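Each remark here refers to the structure printed beneath this line.
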Amino acid sequence: MQFCDLNRQYEAYRPELDEAMQHVIQSGAFINGKEIELLENELAQYAGAKHAIAVSSGTDALLLALLAYDIKPGDEVICPAFSFFATASMVSLLRARPVFVDVSPIDFNIDVSKIEKAITPKTKGIIAVSLFGQCADFDALNELAAKYGLWVIEDGAQSFGASYKDKKSCALTEVSTTSFFPAKPLGCYGDGGAVFTQSDRLAEQIKQLRGHGQSARYYHDRIGINGRIDTLQAAILRVKLKYFDAEIVVRRKAAELYSQLLHGYVMLPMLVEDCKSTWAQFTIGIDNRDAVRKKLTERGIPTAVHYPLPLPKQLAFSSLPSYDKTFEVSELLSETVLSLPMHGLITDQEVETVATAVIESLT
Ligand SMILES: *Cc1c(COP(=O)(O)O)cnc(C)c1O
């Protein structure tokens with residue numbers, strides 16, 4: 001049993017993937033090949049966003065989004081206390097300050113009702129993560145942000161393909177980012193990511209920033225990074241994108257079956273009305289998490305802990321004023337969450353095996 005079975009996925013689409021990779025290798029266009037623009041058009045169309053800019057990783061996507069918003073040292077950016085490190089670390093890298101807000105116990109996303117208290121005259125924007133594949137409450141976030149003149153970035157690294165009301169993740173606010181890390185719902189064979197935006201002006205800037213701030217070859221108008229995606233990764237993603245919706249259906253069916261089988265035994269992820277998750281992770285809550293995890297490992301069932309430490313408690317953020325504060329929900333989650341095997345080709349039989357093992361490991 002694999003936590004995320006990339007081999008099975010490769011075998012399923014192997015002829016097309018091999019052909020796409022061979023094509024790039026034979027063309028020699030490893031950088032800025034034509035597959036990149038084709039992918040960008042397909043990604044934008046898929047999400048319903050005006051622009052998609054394919055980049056080198058989900059982390060670089062966040063960095064480029066923050067650079068485009070011209071974040072300065074001392075600026076404050078509101079971030080959820082419970083997420084992957086990159087959500088907040090790119091803010092710190094630019095010498096701005098992440099200001100953490102606790103998450104909601106319902107969907108594990110930033111608790112919008114707690115944001116207002118964290119806003120100061122230095123606040124420039126909010127990064128909201130759509131954790132585990134379920135979108136944060138972007139109507140409420142955009143409304144609050146408009147009231148204070150802030151921008152909102154969706155960190156959709158786990159939620160590409162999810163929907164929120166009648167829209168899709170990565171088109172819910174002015175700028176969104178995603179990741180194509182291999183184990184994400186849509187993954188490539190290395191690092192990759194994308195920035196999405198509804199703004200023509202920001203799209204132009206992000207494209208420039210991605211290529212060393214060049215306006216023409218060897219003419220640099222601003223300080224940027226090398227944030228390009230490889231042509232090979234773009235070609236791989238174009239094949240996988242064709243099968244992405246079918247994989248999401250499998251993930252949703254598996255999540256439903258897990259929920260039925262584990263009902264009454266563990267804390268189950270809650271579905272918010274009008275939201276459809278991509279189930280990047282199927283994450284349950286158990287009091288004696290570490291003991292259960294150990295038993296599952298012994299039985300050959302791989303699991304993961306997303307995440308064992310709330311962001312404000314990370315040593316790297318120890319100089320922030322929030323380091324000593326408590327974030328009740330995030331702390332509880334970090335002690336109880338356990339992610340179960342989940343991917344786009346998982347079978348009912350595998351879900352049943354895992355669920356049975358979880359129930360037997362509880363006592
Ligand atoms: C994976 C992830 C990232 C970073 O993406 P990379 O492609 O690994 O750089 C950022 N934010 C969240 C919430 C993630 O899950």
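What follows is calculated from the coordinates using simple rules that are stated; it is not laboratory data. Bear in mind the structure is a predicted one, so any value in this text is a computation, not a measurement. No Cβ is skipped: glycine too gets one built from the backbone with ideal geometry, and neighbour counts run over all protein chains shown.
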Hey, what's the Cα Rg ratio for the chain versus the globular rule of thumb, 2.2 N^0.38 Å? 0.98
Go ahead and set up a Gaussian network model of the chain, Cα springs under 10 Å, then flag whichever of Y323, Y219, Y258 fluctuates most. Y219
For the range 278-350, just run the numbers: alpha carbon Rg, then divide by 2.2 N^0.38 Å, N being how many residues it has. 1.34
The chain, dipole about Cα centre (Lys/Arg Cβ +1, Asp/Glu Cβ -1), debye to the nearest 20: 740 debye
List the pairs from K147/K167; K167/K240; K114/K240; K124/K253 whose alpha-carbon separation is above 28 Å, in the order I gave them. K114/K240; K124/K253
Listed residues A54, A88, A216; largest mean-square fluctuation, Gaussian network over the chain with Cα springs below 10 Å, found at A216
Running a GNM on the chain with Cα contacts under 10 Å, which residue among S330, S215, S57 ends up with the highest mean-square fluctuation? S215
Computed over the range 160-258, the relative contact order (Cα-Cα under 8 Å, seq sep at least six) in percent reads 20 percent
Roughly speaking, what is the centre-to-centre gap between the range 299-334 and the range 166-229 when only Cα atoms are used, to the nearest Å? 28 Å
Rotationally averaged projected area of the range 59-199 (alpha carbon convex hull; nm²): 7.7 nm²
Let me check the size of the range 140-227 from its C-alpha atoms; what are the radius of gyration and Dmax in Å? 15.1, 45
In this structure, the FRET efficiency calculated for A246 and K122 from their beta-carbon separation, with R0 = 51 Å, to the nearest 0.05, is 0.65
Please name which of V266, A254, A183 has its Cα lying farthest along the dipole of the range 174-300 towards the positive end, using unit charges on Cβ (Lys, Arg +1; Asp, Glu -1) and the Cα centre as origin. A183
The answer for F100, listing residues at least 5 apart or on another chain whose modeled amide H is closer than 5 Å to its amide H, is C79
Hey, what do the phi angles of the range 234-240 turn into as Karplus ³J(HN,Hα) couplings, whole Hz, using 6.51/-1.76/1.60 and θ = phi - 60°, x for Gly and Pro? 5, 5, 5, 5, 5, 5, 5
